[in-house]
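Let me begin by presenting the structure, written as structure tokens, before commenting on it.
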Amino acid sequence: MSPTQQPDTVLSLRGVSKNFGAVAALTGIDLDVAAHQVVAVVGDNGAGKSTLVKILSGVHPPDSGTITFAGRVVDIPNPAAAHKLGIATVFQDLALCENLNVIQNLFLGQEIRPLRLNDVAMETRSWELLRQLSAKIPSVRVPVAALSGGQRQTVAIARSLLGDPKIIILDEPTAALGVAQTAEVLNLVERLRENGLGVIMISHNMADVKAVADKVAVLRLGRNNGVFDVGDVSAEDIIAAITGATDNAVSRRASRHQEGLPS
Ligand SMILES: Nc1ncnc2c1ncn2[C@@H]1O[C@H](COP(=O)(O)OP(=O)(O)O)[C@@H](O)[C@H]1O
Ligand SMILES: [Mg+2]
């Protein structure tokens, strides 16, 4: 364990790079995520957030760098390998089947061998998962099409918990949601942390980041551009790191003040 790692670090990236032809999508990325910790990953369009998610979920292999998971250097050559390690990803499109009910969506494609779970067992397990998340789902027998955006996010997160992951990656979990549903999903993120998971939350929303994240890692043009403790940093500072502005609105006003110009 390197001296910069926390003792309960679950996932560490060091010097992770990924090129697509001439495009350097990620260059020398470092990232640490611990149990019971929410790390927000923020950055402008094209900053490399989705590429990072895809590397961790086994969609793309990195070109260089190391990934350490639970103290071991690992390869994540495919999505099954990510699942086996205990890295679950909830992609932005959620990949739910609208016409199927909550139970069917939770267990879709889960081959439970040698015994296939029967209907009653699946319903019991569904409620267990949803209870873990303190989720507000009225019935597990309604089609997903009838659920709100926040409830769908809940179902997608619950499904990802079936593999008992240590790390869960949420790609823009509140992007399509209104205020009340956003609050519901942020509550879920807090439940995940309470349950001991390390959470990586991709986000564009500074209010969400400030509300639930412990740390915020800024990506800019495929590189690290600062890791902050959320309690120590203002939304303006995070935005300045995202845009690469050397002077943010606050320091600009302060310097105008010094020069005696109207602020
Ligand atoms: N499959 C791909 N092929 C070629 N270029 C890609 C591919 N995926 C991403 N990129 C490029 O990599 C860079 C980072 O993209 P991405 O990871 O999607 O950023 P973000 O999710 O932060 O918007 C961008 O310049 C993007 O065009
Ligand atoms: Mg993206």
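Once segment 228-245 is narrowed to residues that are without any contact (Cβ under 8 Å) to a residue 24 or more places away in the chain and hydrophobic (A, V, I, L, M, F, W, C), the residue that is surrounded by the fewest Cβ atoms within 10 Å (Cβ to Cβ) is Ala245. Scanning segment 210-221 for residues that are surrounded by fewer than 23 Cβ atoms within 10 Å (Cβ to Cβ) and within 16 Å of ligand 2 (Cβ to nearest atom) turns up Arg220, Leu221. Would you mind stating whether Asp229 is away from ligand 1 (no atom under 15 Å from the Cβ), on the phi > 0 side of the Ramachandran plot and not aromatic (Phe, Trp, Tyr)? Judged against the criteria, Asp229 is not a match.
Quickly run through segment 43-58 and pick out the residues that are in contact with a Pro (Cβ under 7 Å, 6 or more places away or on another chain) and either buried (at least 24 other Cβ atoms within 10 Å of the Cβ) or modelled with pLDDT under 95 (or both). Result: Ile55, single match.
Conditions tested, residue by residue: (1) part of a helix (DSSP H, G or I); (2) more than 16 Å from the chain's Cα centre (by Cα); (3) at pLDDT 90 or above.
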| site | (1), (2), (3) |
| --- | --- |
| Pro114 | no, yes, no |
| Leu117 | no, yes, no |
| Met122 | yes, yes, no |
| Arg125 | yes, yes, no |
| Leu129 | yes, yes, no |
| Ala135 | no, yes, no |
| Ala175 | no, no, no |
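Set side by side, the residues Gly58, Gly71, Gly48 differ, and just one is within 12 Å of ligand 2 (Cβ to nearest atom) and either of a type in the set (S, T, N, Q) or in contact with a strand residue (DSSP E or B) (Cβ under 9 Å, 6 or more places away or on another chain) (or both), which is Gly48. The set of residues from segment 71-99 being more than 26 Å from Gln151 (Cβ to Cβ), in a loop (DSSP other than H, G, I, E, B) and over 18 Å from the mean Cα position of the chain (by Cα) comprises Gly71, Asp75, Pro77, Asn78. The set of residues in segment 1-37 being among the acidic types (Asp, Glu) and either surrounded by 22 or more Cβ atoms within 10 Å (Cβ to Cβ) or at pLDDT 95 or above (or both) consists of Asp30, Asp32.
Condition (residue is among the small types (Gly, Ala, Ser), more than 14 Å from ligand 1 (Cβ to nearest atom) and in contact (Cβ under 8 Å) with a residue 60 or more places away in the chain) applied to segment 10-28: is it met by at least one residue? Within segment 10-28, one or more residues are among the small types (Gly, Ala, Ser), more than 14 Å from ligand 1 (Cβ to nearest atom) and in contact (Cβ under 8 Å) with a residue 60 or more places away in the chain. For Met201, the criteria (1) at pLDDT below 90; (2) within 16 Å of ligand 2 (Cβ to nearest atom) hold in every case but one, which is (1).
Suppose we filter Gly163, Gly231 for residues that are farther than 30 Å from Asn19 by Cβ and at pLDDT below 90; which single one remains? That would be Gly163, the only listed residue that is farther than 30 Å from Asn19 by Cβ and at pLDDT below 90.
Every test in (1) surrounded by 21 or more Cβ atoms within 10 Å (Cβ to Cβ); (2) within 16 Å of ligand 2 (Cβ to nearest atom); (3) over 17 Å from Ile157 (Cα atoms); (4) aliphatic (A, V, I, L, M) is passed by Ala40 save one, and that test is (3).
The values are calculated or read from the model by the stated rules, or taken from the named source; none is laboratory data. Keep in mind the model is a prediction, meaning the values are calculated, not measured. Note: ideal-geometry Cβ built from the backbone for every residue, glycine included; neighbour counts use all protein chains shown.
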